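Worksheet for the structure shown next.
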Amino acid sequence: MEHASSDTRFRERLDELDPSHLRPLCKTLFAQLQRAKGLEGFAYLDGHDLISIDGTGYFSSQTIHCAQCAEKHHRNGTTTYYHQMLGAVLVHPDCAEVFPLVPEPILKPDGARKNDWESNAAKRLLTDLRREHPHLKLIVVEDALASNGPHIRHLQALDLPFILGAKPSDHAFLFDWVAASAHTAEASFDEEKGFRHRFRDLNGVPLNHANFDLEMNFLEYREHAPDGSITHFSWVTDLLVEDSNLMTLMRGARARWKIENETFNTLETKAITSSTTSVTANSISAPCSCT
Ligand SMILES: [Zn+2]
């Protein structure tokens, strides 16, 4: 071959392919990464790596579409056709590098309601991940859409510990329980740079009325910045929350954003072929340099 095909040509060829055919290739790359100790320094807690899972769009057009496209009908009569996927990326709070694993397409025929599309894609992603990596020790971090009974039970069945977002608006029962409990603990740490980290936590809180048996450990966090601004987060986890791991759990949960900043945005702002190549090359040649 004298010339590599153009990316348009590659896309035309790949469009015909069922994404599942790419799984063995990705598994081989991941095995090489492990053998080359590319994940050294990535262990986050008790030998577990952190995996961030989130949805993103990768195609959108008002003119080009296929039978599998999701559609958004606008008031002015036009239609946007789009495709989305769930990404799964190994992240670490201290490392700029991320390692994407096989993404899962979010498909329209997955269910009548739009929420079903994403939760069914998550089911497939996690089941495939566990089948392909039965011994990989992982802690899953996801946004508040994931903190629902069926998803949490699926994570538990696959032996995947988790830290998931929890919003007062979606989890009123849980927040009321925490507010009413006499055992809710509070802690505060000051950092040299002028940041104050304030925590409120309680272990063994029912997720909601419908899943009363599903006991979560609750962690709420407020970051007071030197300029007076306050950022608020709250999570549920099956990891025991203790005074000694408050900062670690908070930093792990916030590393979730690396799937947006270091993965999806990188893929969007660079040509998709070149960025994927560079991520893979980096990950194999150099272990994490941040530790
Ligand atoms: Zn399409």
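The values are calculated or read from the model by the stated rules, or taken from the named source; none is laboratory data. What you see is a predicted model, and the numbers here were worked out from it, not measured in a lab. Here the Cβ is made from the backbone with ideal geometry for all residues, glycine too, and neighbour counts use every protein chain on show.
A compact table of results
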read-out	value
Single match in Asp190, Asp159, Asp201, Asp170 (criterion: of a type in the set (Asp, Glu) and either over 23 Å from Arg222 (Cβ atoms) or touching a His at 6+ places or on another chain (Cβ under 6 Å) (or both))	Asp159
Residue check for Ser188: surrounded by 16 or more Cβ atoms within 10 Å (Cβ to Cβ) and touching a Lys or Arg at 6+ places or on another chain (Cβ under 9 Å)	no
Members of the stretch 233-265 that are exposed (fewer than 13 other Cβ atoms within 10 Å of the Cβ) and either over 19 Å from the mean Cα position of the chain (by Cα) or hydrophobic (A, V, I, L, M, F, W, C) (or both)	Leu240, Asp243, Ser244
Number of the exception - Gln84 against (1) within 11 Å of the ligand (Cβ to nearest atom); (2) part of a loop (DSSP other than H, G, I, E, B); (3) at pLDDT 90 or above	(2)
Looking only at the stretch 187-234, and only at residues there that are among the aromatic types (Phe, Trp, Tyr) and assigned to a loop (DSSP other than H, G, I, E, B), the one that is nearest to Arg251 (Cα to Cα)	Phe195
Cβ pairs under 8 Å, 6+ apart, first in the stretch 54-78 and part of a strand (DSSP E or B) and more than 16 Å from the ligand (Cβ to nearest atom), second of a type in the set (Lys, Arg) and modelled with pLDDT of 90 or more	Asp54/Arg256
Complete set of residues in the stretch 215-273 that are of a type in the set (Phe, Trp, Tyr) and in contact with a Phe, Trp or Tyr (Cβ under 8 Å, 6 or more places away or on another chain)	Phe218, Tyr221, Phe233, Trp235
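Residue by residue, here is whether (1) modelled with pLDDT of 95 or more; (2) exposed (fewer than 13 other Cβ atoms within 10 Å of the Cβ); (3) closer than 21 Å to Glu97 by Cβ; (4) of a type in the set (Gly, Ala, Ser) holds:
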position	(1), (2), (3), (4)
Asp18	no, yes, no, no
His21	no, yes, no, no
Thr28	no, yes, yes, no
Gly38	no, no, yes, yes
Ala43	no, no, yes, yes
Ile51	yes, no, yes, no
His65	no, no, no, no
